[in-house]
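The values are calculated or read from the model by the stated rules, or taken from the named source; none is laboratory data. Values in this document were obtained by computation on a predicted structure and should not be read as measured data. Methodologically, a virtual Cβ is constructed for each residue, glycine included, from the backbone with ideal geometry; neighbour enumeration extends over all protein chains shown.
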Amino acid sequence: MYHYWGKAAKGSTAHHLLVYHCLDVAATLRALLDADKRLHQRLHALAPAVAPADLDALLLYFAVLHDLGKFAPAFQQQRQDIVDKLDGPPAKRICNAHHSHLGKAIFFDEDIVVAWQPSLLCRDGWPHKDILAPLTDAAFGHHGKPPQDLSDSNLRLPPSTAAAIRQFMGEVCSRFLPGPLTLPGGDAANQAFRPVSWFFAGLLVVADWLASGQGFAYCETPMDLAVYWNERALPQARATVADCGMVSPLPRQGGGFHELLPHIEQKYGPTPLQAYALEVAGRDSGPRLFIFEDVTGAGKTEAALLAAHAVMAGGEAHGFYIGLPTMATANGMYARMAASYRALFMDADTVVPSLMLAHGARGIQDAFLHSIGLERGRDGESDAADGEQPDSGAFCAAWLADNRKKSLLAPCGVGTLDQALLAVLPAKHQCLRLLGLGRNVLIADEVHAYDPYTTRLLETLLTFQAGLGGCAILLSATLPRRIKQGLAAAFCRGAGYPVPAVSADPLPLATRLANGVFTETPLAQTRTLSVAVTLCHDPAEALDRLVAVHTAGGCAILLCNTVDRAMAARNLLAERLPPADVLLFHARFALCDRLAIEERVLAIFGKGSTTEIRRGKILVATQVIEQSLDVDADFLVTELAPMELVLQRAGRCQRHNRKWRPAGFVGPAVLVLSPPAVDEPGPGWGEAELGKGLFVYPGHDVLWRTAQLLARWERVELPRDARELVEGAYDADALPTPAALQSAEDKQTGKASAEKSLALFNGLEFSQGYGTDAAAGHWHDDRETPTRLGEERVTLRLVRVVDDGLALWAGEGLDAATCARSEVSVPKHRGDALAATDAWQERLDAFAATLPDKGRWVRLVPFVETETAGVWHCALPGTTAVYSREGGLNYG
């Protein structure tokens, strides 16, 4: 067994013996469980039919065997020079499968099984493959997806290799399974290891990655396995785990409102929702679900943090992950958390918990990049001077930040909900995300904001979170009761709680599911918004009102349902107002420009802006500002959308307390550009007023009911009226669907049903355990596993044509960050219209070869500057697309 290599250096024959790497991984697993007592206890709770000591023995045993397949010639002969050096057995590759698949096949091979069978006795004296399958799939699936079944393949291992495997497995058995284990029988047998396998899969990936790092020195010298385990594997594992950043300091015990939320001024006390979180959230134990519903800007996020801290202080979580609808909202939340998250922990200035930003563009966020590894300089010494405290802002351990798949392993995180949803899809390394979420409290904001497909995936995630013993907090200002019911039921399925019937009580409302008990607690209103709502059917009238705000010295927002309509409206306003006063914000900007515009929007319309900064500014935007961005306008115009979104948008009107508002706009007022709210609409209702924007929200019956209700209400009192309005927009019994809209309603109902079915098909099944509900061939890279539906999209990387050749849009550099800053996502049919041919393709291919990723997964599109300053035209023949930093990508 000492004639086989497990790790090797490039360019030399330096190597690490396979048996030692196997022990390194088991030692790292041991160190992880020793350092994370909460997780260790959770693992025992997930396998109640197995004695804790037996479970620990099995987990370590399988951790040692995780690379069993590397004994096979298919792996060993990748480095024939090392095989020769070790005097390894010459052999032909009979089966060329990956070593993870080979490991499972060897483990269950009848010629090998005699080495371990006596130590894994079941009631009938023979090891049950089905009982152990979740653990074997987790162990041998440590490359991110379950191993394939090679039971029909002919392994034909060389006799010397088979003998080496028997020798190794025999020694492993005697050391890690010293006595017979009694596995559960009867109905409990098949479910014994399925829940725990989800965590075990993630732990094995983490242990393997850590044990493959620089903390483990290569060893080529044969020695007794016990000596290696005690003198090398365990000490190196403990040091590596201590430095990786996964283990957080202990949460603060006790602590008042301002101690836990130091960013809130002392003059402000807790709101009723925040006081509820402080008083109630820590009372229970086990899986808990909280749903906090209150008006926009009422401090729901702070209430969620207080509730999460109560769970942490009770010893049932390490930290939290906040999932938001968009990258823009995640960036804003990250900035808020960076200033205060350490207050949730004890000794957080000396043992600093990592705060992760988790979304696809985090690599270009300067604040996050600055946070990586701040406690260490290049020489390994502390960056802080003697006697100084470390940086008081955000910090993220370098090991956690070096791979996006590790994002959710951090004790604290902020990102898009999509990153969390990947945990319950057959995406490669989903087990890492699931492990991270299960250790933390999941906080999902704006849970009303998703389509039926994504909402069903969120339900699946809640089932997993509860099934793994975790807690979740859901936030919304406009959550329809039917969605709330589905989310609560999904959590109950995972926790084993009876499913309650949620109410449609008015907001603010705190809902709690704990220990099988369901409670809904009405709360006093502290933040109210009385909004005058007027329906308008003429776009010209809406533009006149925006010009009036500008004349009065105020600021306003126009929210459009499509990018093209937003561009057209911006152009019309720029003809009547100084162009510099009219901002445009949508998703069709290169990332560098989008981030700059987002920063400018927050500077002008955010809480810290002044009257002079805001004066005369008009923002034309799409849904990118609809959720969680803390912006405030003196007046707001919105195109008609489903009721919950109209109310969400209305919450951006005069949401901050300001001493001055322009004359004529002293109170919150929203103008809704809408088709007429007629009782019997005809065919084509809404097309004249909304154009293609009508089809962004295909539930035209919901749009019609929204218009009907808003026309009757005239003034909306938030949060008092929110529930009644949202429920009314979906109540076909109270407002039956008109005949002209029935076909659209039927189509939308069928589409929603199909999306839910697809989410159910795509999602993993908690009760099946890791790897047993889908073959490895059905698992994909997370780029190919959708968390949201919609038209297929492609990523364009914009390129400037300059005097000396080509350059990336975002700058002169050719690094990965500049590449990412130059990209914009568009529908595939739009991207296909910008495909290069002939000479241009050759030129772009040559430029792509100079980029870090060689242009894979993106489409390079060249632009040349026109005579109009700042406007660039697509250089490809036959295209009419133009781009500017102020307007974004216009297809022409």
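Some notes on this structure:
- His550 vs. criteria of a type outside the set (Phe, Trp, Tyr), surrounded by 21 or more Cβ atoms within 10 Å (Cβ to Cβ), out of contact with any His (no Cβ under 6 Å at 6 or more places or on another chain) and farther than 21 Å from Gly664 by Cα: no
- Residue that is farthest from the chain's Cα centre (by Cα), among those in the stretch 623-640 that are modelled with pLDDT of 95 or more and part of a loop (DSSP other than H, G, I, E, B): Asp634
- Restricting the stretch 451-493 to residues that are within 20 Å of the chain's Cα centre (by Cα) and more than 16 Å from Leu417 (Cβ to Cβ) leaves a set whose member that is surrounded by the most Cβ atoms within 10 Å (Cβ to Cβ) is Cys471.
- Here the stretch 206-215 is the region considered, the condition is being surrounded by fewer than 24 Cβ atoms within 10 Å (Cβ to Cβ) and in contact with a helix residue (DSSP H, G or I) (Cβ under 6 Å, 6 or more places away or on another chain), and the residue that is farthest from Val64 (Cα to Cα) is Gly215.
For every residue, the table says whether it meets (1) outside any loop (DSSP other than H, G, I, E, B); (2) assigned by TED's automatic domain parsing to the domain that holds Tyr20.
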site	(1), (2)
Ala217	no, yes
Leu234	yes, yes
Arg238	yes, yes
Glu265	no, no
Gly269	no, no
Leu278	yes, no
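- Filtered by the rule that a residue be under 28 Å from Ala449 (Cα atoms) and out of contact with any Gly (no Cβ under 7 Å at 6 or more places or on another chain), the stretch 328-354 gives Ala328, Thr329, Asn331, Gly332, Met333, Tyr334, Ala335, Arg336, Met337, Ser340, Tyr341.
- In the set (1) assigned to a loop (DSSP other than H, G, I, E, B); (2) touching a helix residue (DSSP H, G or I) at 6+ places or on another chain (Cβ under 8 Å); (3) farther than 28 Å from Glu680 by Cβ; (4) not acidic (Asp, Glu), Arg720 fails one condition alone, (2).
- Where a residue in the stretch 236-264 is aromatic (Phe, Trp, Tyr) and its partner, wherever it lies, is in a loop (DSSP other than H, G, I, E, B) and surrounded by 14 or more Cβ atoms within 10 Å (Cβ to Cβ), with Cβ under 7 Å and at least six apart: Phe257/Pro270
- Here Ala568 meets the list (1) of a type in the set (A, V, I, L, M); (2) under 29 Å from Ala361 (Cα atoms); (3) touching a strand residue (DSSP E or B) at 6+ places or on another chain (Cβ under 7 Å) almost entirely, failing just condition (3).
- Annotation: Ile264 fulfils all but one of (1) in contact with a His (Cβ under 8 Å, 6 or more places away or on another chain); (2) under 28 Å from Leu457 (Cβ atoms); the unmet one is (2).
- The single condition among (1) touching a Ser or Thr at 6+ places or on another chain (Cβ under 7 Å); (2) charged (D, E, K, R); (3) modelled with pLDDT under 90 that Glu644 does not satisfy is (3).
- The stretch 47-70, residues that are more than 32 Å from the chain's Cα centre (by Cα) and in contact (Cβ under 8 Å) with a residue 12 or more places away in the chain: Ala49, Val50, Asp54, Ala57, Tyr61, Leu68, Gly69, Lys70
- Close pairs from the stretch 754-781: first modelled with pLDDT of 90 or more and part of a loop (DSSP other than H, G, I, E, B), partner aromatic (Phe, Trp, Tyr) and buried (at least 17 other Cβ atoms within 10 Å of the Cβ), Cβ under 6 Å, at least 6 apart: Tyr770/Trp198
- Among the residues making up the stretch 618-642, those that are of a type in the set (A, V, I, L, M) and within 13 Å of Ala449 (Cβ to Cβ) are Val624, Ile625, Leu629, Ala641.
- Going through (1) among the small types (Gly, Ala, Ser); (2) crowded, with 18+ Cβ neighbours inside 10 Å; (3) within 26 Å of the chain's Cα centre (by Cα) one by one, Ala542 falls short only on (3).
- Any hit, the stretch 587-604, residues being closer than 25 Å to Cys536 by Cα, not in a strand (DSSP E or B) and not assigned by TED's automatic domain parsing to the domain that holds Thr795: no
- Residue count for the stretch 597-637, restricted to those that are under 21 Å from Val871 (Cβ atoms) and without any contact (Cβ under 8 Å) to a residue 40 or more places away in the chain: 2
- For the stretch 656-690, the candidate set comprises residues that are over 20 Å from Ala566 (Cα atoms) and touching a strand residue (DSSP E or B) at 6+ places or on another chain (Cβ under 7 Å); within that set, the residue that is surrounded by the fewest Cβ atoms within 10 Å (Cβ to Cβ) is Gly667.
- Checking Ala504, Ala524 one by one, the residue that is of a type in the set (A, V, I, L, M, F, W, C), part of a loop (DSSP other than H, G, I, E, B), modelled with pLDDT under 95 and more than 27 Å from Ala707 (Cβ to Cβ) is Ala524 and no other.
- Residue within the stretch 298-318 that is touching a Phe, Trp or Tyr at 6+ places or on another chain (Cβ under 8 Å), farther than 11 Å from Ile443 by Cβ and either in the same structural domain as Asn657 (by TED's automatic domain parsing) or in a loop (DSSP other than H, G, I, E, B) (or both) present: no
- Condition check for Gly323: in contact (Cβ under 8 Å) with a residue 60 or more places away in the chain and surrounded by fewer than 22 Cβ atoms within 10 Å (Cβ to Cβ): no
- Scanning the stretch 230-254 for residues that are in contact with a Leu (Cβ under 7 Å, 6 or more places away or on another chain) and surrounded by 20 or more Cβ atoms within 10 Å (Cβ to Cβ) gives Ala233, Thr240, Val241, Cys244, Gly245, Met246, Pro251.
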